Structure formats: structure tokens, C-alpha cells
Amino acid sequence: MGSQIRHTTDWRFSTIASWLGVTCACAYYANSSTSLLLQLPVSVAILLLLFYVIKNPNKHVVLVAVCYLLLILSLVPLSTTTLLFIHAVMFSAVFSPHFSFPKVMLFVSLIMFAYGLYHFERWQGEIPWITFVVWFFFCSMNWFVSRRIVESLNMHYESRQNYKELQAAQHMMAIMSAAQTRQHISRELHDSLGHKLTALSINLDFTKRVAPNDVAKSLETCHQLSQEVLSEVRDIVSVQRNDSALLAHALKEIIAMTPRLRCDLALDVDEKRISQQHTLCIVRFCQEMISNTLKHTQAKEFFLHVSVEVRGETELLVAKAWHSQKESKLPKAGNGLVGLTERMAQFGGHFEQSLENSQLLNVMTLPLELGKE
């Protein structure tokens, strides 16, 4: 088996055109009226099979290939035209990503052999070798061209997905940078302006107590104004230090940029306790899990749940991710998973994978005390 098809290109129109052409040709050159009637269910079955392949290009590949081969062979005794070899050309194109060249050509040779064996008497010993050579050449070239096209489309799809992930990461980093700037400004307001306003308020309060009655009222007004200004500064500092929506916002941005995958996000945490280091680790974890799901599966749903668990005397931030496709074995760890494991270890956490009820469960844990400012 070769590589999976990852692109989402629609082949319906070209498939219908090819199928319609070969179906009309086979009907025109039918051996008899009975053969013409028998062609109809076979041709319809081939069309349905082709639509299944278009919609599910990586499911039950061997079974679908065998069924397609048998349907083509069943057309051989029903028509005299060699145009039914168009199905052989389509076969080589459809399964070029999944089967090697020798395997596909073996199937094509079987179709041609069955056709030649059935029509040998009609040819009266004069086998049209040039016809077989031409069709074999078309099947061969179509395998090479289709394989290169699929590889190119897969690369384009992966590049587009990587670009979207990069956009999401840049957007998240911009948010985190803005949050850091706000926190820096809030600290400066609190440490500089806040302290001075507090000192001013204390001095005004003392002065109004010893001042003559004719200026005490004015000092009281100034004291109240200083208290209001100090209160507003504290409110501004509190608002600017509030990063409670940073994690949810970043994850929602990533999900919004994810194609053909319905994502279920659950955040069962008090985000005020989540530092920027926590946020960055969870976002990287989410990106890696979504990327692996898109690249290596045909899953339609993705689940990410983040919660806080108490183990012993330690509070841990736990993120769990899984997808809807059933798995039978753990995947081989690539550079992405290795990098994710190293990132977790850097902050005192860890990453692990396990199979539970045929579902691949990815779990990331981090100590909640991480990165407190």
C-alpha cells in the first residue's frame, strides 16, 4: 500500500464524463439485447463504486479495488469494444496512490487477458497486439501522471494546512505579546503612579486635619479626587492583568482555521490561574494533535478537553485529545511528538499516548504552579 490521499479535490465531473463515455460505447457495441440489459446494473454499480472511492479515497482500498476489477471483468463478455479499457485506465488512476506500479499493471493485464481470451475466436487467430500495447501504454502513463498529481495535491494541502497553523500560532503570539505589554503597563501604573497617588492621598488626608477651616473643604475635595483617581488606576491594573480569555481565544482561533474537522472544545479550568507558559503548551499540544489527525486519519471529529486534576498534594493541568476514527495500534512517534514530549519535560510535565476502546488518547499534564508571576 502506498500513501494516503489527503487533498480534498473534487473529481466527480471528470469521473462522470469518463464513465458516461465508456458506458455509451459498451452499450453501442453490446453483443446482444440481453447483454445490453445486463450492462445497466454493472455500469450503475461501477458508478456507485467510483463515487464511494471519491468520497472515501482511503477506506477499504483492497476490497474496493477487487470489486472494481470484478465489475470490469463482468463487462468483458457483454460488449465487443476495446473502449471498456477506459475502465482499466480509470482503475490505474484511482488506485495509483495506494498500489505500486507492478500491482496495478498486473490488474490491467488481467483485464486485457480476460478480454483477449473471450474474444479470441471472433478475431480468428489475428490478435490485435497493437491495441493491447496502446491501452497498456495509456494505463502505464496514467498511473505515473495520477500518482504525481496526487502527490502534488497532497503537498499543496499540507502546505495550506501548515500555513493556517502558522497563522493561528502568529495570532496567538500576538495576543500573548499584547497581554505581556498590558501587564508591563499595569505593573508600571501600580508601582509608580499608584504609589505616588497613595502618598498624595495620605498627605492630603493629614493636611486637611490640621488646616484652617477655610481651606479644609478644598483639601477634602482634593482628597476625594485623589481617592477616586487611585481607585480608577487600580481598576485599570486589574483589567489589564486579566488574561482569563487568552487560552480560550487562542484555541478557538486554531479551531476556526481547521478544515474538514468538527472540533469539540471543553475548558473545565479557572483561566485566571493559567499562565502564559501553560497557554503556550496547551496551544502547541492542540496544534500537534489536530495536525496529526488531519495528516494520518480520515476522522471527522476531534475532541479537546482541558481540566485541573488533584493527584496527591499536587494540582495538575491536564489536556486530553482524541479523534473519532478507530485505531488498532499506537502511532510511531515523529518529530512533532518528540518535540512535544521534550517541551512538556522542560516544564516538569509529560506527554503520553494510549489506546482505550480502540481510541487513541493523547494526554498532556503540567503542574499548575508553573510560571506564576
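Computed from the coordinates by the stated procedures, all read-outs in this text should not be read as laboratory data. Worth saying up front: this structure is predicted, and the values here are computed from it rather than measured. Here the Cβ is made from the backbone with ideal geometry for all residues, glycine too, and neighbour counts use every protein chain on show.
Here the 3J(HN,Hα) profile of region 108-115, calculated from phi with Karplus coefficients 6.51, -1.76 and 1.60 at θ = phi - 60°, is 4, 4, 5, 5, 5, 5, 4, 5 Hz, Gly and Pro shown as x. Using θ = phi - 60° in the Karplus curve 6.51 cos²θ - 1.76 cosθ + 1.60, the 3J(HN,Hα) couplings for region 332-347 round to 6, 6, x, 4, x, 5, 5, x, 5, 4, 5, 5, 4, 4, 4, 9 Hz; x is entered for Gly and Pro.
Test of understanding: what is the full-extension gain from residue 308 to residue 260, defined as 0.36 nm times their sequence separation minus their Cα-Cα distance? Could you put the intermediate results ahead of the total?
Values: separation 48, 0.36 × 48 = 17.28 nm, distance 2.97 nm.
The residue 308-residue 260 span can extend by a further 14.3 nm.
Net length available on complete extension from residue 37 to residue 149 is 36.6 nm, with 0.36 nm assigned per residue and the Cα-Cα distance removed.
Sorted by average packing, counted as other Cβ atoms within 10 angstrom per residue and highest first, what order do 89-102, 203-216, 291-304 take?
89-102, 291-304, 203-216
Going by the alpha-carbon gyration tensor, a ≥ b ≥ c the square roots of its eigenvalues, is region 324-371 rounded (a/c under 1.5) or, if a/c is not under 1.5, prolate (a/b greater than b/c) versus oblate?
Values: a/c = 3.77, a/b = 1.82, b/c = 2.07.
Judged from the Cα gyration tensor, region 324-371 comes out oblate (a/c at least 1.5, b/c at or above a/b).
Rounded to whole numbers, the Karplus 3J(HN,Hα) couplings from phi for region 45-59 are 4, 5, 4, 4, 5, 5, 5, 5, 5, 5, 7, 10, x, 10, 9 Hz, using 6.51 cos²θ - 1.76 cosθ + 1.60 with θ = phi - 60°, and x at Gly and Pro. Annotation for region 80-121 versus region 352-370: alpha-carbon center distance of 48 Å.
Ranked from highest to lowest mean number of other Cβ atoms within 10 Å per residue, what is the order of the peptides 120-130, 341-351?
341-351, 120-130
Computed from the Cβ-Cβ distance with R0 of 30 Å, the FRET efficiency linking residue 228 to residue 270 stands at 0.45. Determine the shape class of region 52-155: with a ≥ b ≥ c the square roots of the Cα gyration tensor eigenvalues, call it rounded for a/c under 1.5, and otherwise prolate if a/b is greater than b/c, oblate otherwise. Because a/c hits 1.5 or more and a/b exceeds b/c, region 52-155 counts as prolate.
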